[in-house]
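Peer 1: Before I ask anything, here is the structure I am working with.
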Amino acid sequence: MTDPTTDIAGPAEAASDPRASLESLRAEIAKAVVGQDPAVTGLVVALLCRGHVLLEGVPGVAKTLLVRALASALELDTKRVQFTPDLMPSDVTGSLVYDTRTAEFSFQPGPVFTNLLLADEINRTPPKTQSSLLEAMEERQVTVDGTPRKLPEPFLVAATQNPVEYEGTYPLPEAQLDRFLLKLTIPLPSREDEIDVLTRHASGFDPRDLHAAGLRPVAGPADLEAARAAVAGTTVSPEITAYVVDICRATRESPSLTMGVSPRGATALLSTARAWAWLTGRDYVIPDDVKALALPTLRHRVQLRPEAEMEGVTADSVINAVLAHVPVPR
């Protein structure tokens, strides 16, 4: 992405250039979150593709703050659910409540009825509750007592999981992992960024009060809808389509994997590459766009063999090896 513009239009005025409007998100979110540009870009790509994001990082790297800042800068509603072992599916989707005044049952919407749902530590809850999000993520609706109810638009699930505390967790099944468009790793900040974080806190920054930090809406749902329409018009040549297919097929033949990328994963990679191409200012996709999004789009869609994992092989290293060997179209 190019440098964000300094002249920022408010969300009430639908930006004539939705790309510039979304570009300005980085500068606005940086008022609250330091040094996480790749994660911000990944979340924007997911919104453009109507996908969901799995955020992985150790505690304290601003995963929750990042989602809240994005929602504030886009003027979207957001809710947070702390996933725990005793969380029930109805705690997420909502339930029927008996009204003694009318002697009837009425539906009480759960926190899933929002634009950006932060599912915090999603692997802390049993599979039964994890699966309550499957219909919401895939169909963008929830069904309670046989009645389907549409979710707001846009709708994005940003789920977090801790990569080090596996005790007492329930790993997400492959079917649910495949529903996430991207898996973004949130790294520890550099020394300079960490100094910046501490300096801000010493100056009175309160992560619970984004308004006081100067965070303002710089885009809105209208800009996002216009951007999605523009992404849909991005040209994909037959050579690029074949390149995406060859990459995904190569993962299925890797000796380090028990499971390669499915056709759904190939479709996801094509979608994210189109969104990235548009964000970088082009109306056509090139091989570098595919390479740029291959890791976050595919790393959670492959399964390592136990012996490869013991030897220190990672999903990222396998995908990088595939990218190095699959011929690049000219």
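Peer 1: Give the peptides 206-217, 317-328, 115-126 in descending order of average Cβ contacts within 10 Å, highest first.
Peer 2: In decreasing order of mean packing, 206-217, 317-328, 115-126 become 115-126, 317-328, 206-217.
Peer 1: Can you list residues whose amide H is under 5 Å from T185's amide H, if they're 5+ apart or on another chain and H is modeled 1.01 Å from N?
Peer 2: Under 5 Å from the amide H of T185: E56.
Peer 1: From zero up to wherever the largest Cα-Cα distance of the stretch 282-327 sits, split into 10 Å bins and tell me the percent of pairs in each.
Peer 2: Pair shares across the bins are 24, 48, 22, 6, 1.
Peer 1: How far is it, in nm, from the label point at V197 to the one at V58 when both lie 7 Å from their Cα along the line to the Cβ?
Peer 2: Spacing of the two 7 Å Cα→Cβ label points: 1.0 nm.
Peer 1: Let me ask something else about it. Please work out the average accessible area per residue across the chain, using the 1.4 Å probe convention, and give it in Å².
Peer 2: On a per-residue basis, the chain sits at 48 Å².
Peer 1: Oh, and also: Using a 10 Å cut-off on Cβ atoms, rank the peptides 279-287, 19-27 from the highest mean neighbour count down.
Peer 2: 19-27, 279-287
Peer 1: Also, quick follow-up: Could you tally up the Lys pairs in the chain with alpha carbons closer than 19 Å? Skip any pair fewer than 8 positions apart unless they're on separate chains.
Peer 2: Summing the qualifying lysine pairs gives 5.
Peer 1: Sticking with this structure for a sec: Relative to a virtual label point 7 Å from the Cα of R249 in the Cα→beta-carbon direction, which members of the stretch 312-328 show backbone nitrogen distances below 20 Å?
Peer 2: Only 319-328 pass the distance filter.
Peer 1: Here is a follow-up. Only helical DSSP H runs with n ≥ 4 go in: add -39500 (n - 2.57) per run for the chain, normalise by residue count and round the 222 nm mean residue ellipticity to 500 deg cm²/dmol.
Peer 2: -12000 deg cm²/dmol
Peer 1: Among DSSP bridges having both ends in the chain, what percentage is antiparallel? Round to the nearest 5.
Peer 2: 40 percent
Peer 1: Then there's this: Tally up the carbon and sulfur contribution to the accessible surface of the stretch 120-224 as a whole percent, 1.4 Å probe, everything protein left in place.
Peer 2: In the stretch 120-224, the share of accessible area belonging to carbon and sulfur is 54 percent.
Peer 1: Can you give the extra length, in nm with one decimal, that the chain gains between H325 and Q82 once fully stretched, where that is 0.36 nm per residue apart less the Cα-Cα distance?
Peer 2: Contour length minus the Cα-Cα distance gives 83.3 nm.
Peer 1: If you don't mind, there's one more thing I want to ask. Using 7 Å Cα-to-Cβ label points, what is the E307/Q108 separation (nm, one decimal)?
Peer 2: Simple spin-label model gives 5.5 nm for this pair.
Peer 1: Inverting the mean 1/r over all pairs of different Cα atoms, compute the Kirkwood radius of the chain and quote it in Å.
Peer 2: Hydrodynamic radius (Kirkwood, Cα only) of the chain equals 21.0 Å.
Peer 1: Please list 104-114, 139-149 highest first by mean number of surrounding beta-carbon atoms within 10 Å per residue.
Peer 2: Result, highest mean first: 104-114, 139-149.
Peer 1: Where in the stretch 212-287 are there GluC sites (Glu not before Pro) that are in a DSSP coil and have at most 15 other Cβ atoms within 10 angstrom of their Cβ?
Peer 2: E253
Peer 1: Something else about it: Check which residues have an amide H placed less than 5 Å from G35's amide H, if you skip close sequence neighbours.
Peer 2: none
Peer 1: For G94, enumerate residues with amide H under 5 Å from its amide H, sequence gap 5+ or separate chain, H modeled in the peptide plane.
Peer 2: G110
Peer 1: Next up: How many angstrom separate the Cα center of the stretch 69-102 from the Cα center of the stretch 291-312?
Peer 2: Using only Cα atoms, the two centres lie 33 Å from each other.
The values are calculated or read from the model by the stated rules, or taken from the named source; none is laboratory data. Not measured: the values here are computed from a predicted model. In this analysis, Cβ positions are derived from the backbone assuming ideal geometry, glycine residues included, and neighbour counts consider all displayed protein chains. These accessible areas exclude ligands, DNA and RNA; they are computed on the full protein's heavy atoms, side chains included. Shrake-Rupley method; radii C 1.70, N 1.55, O 1.52, S 1.80 Å.
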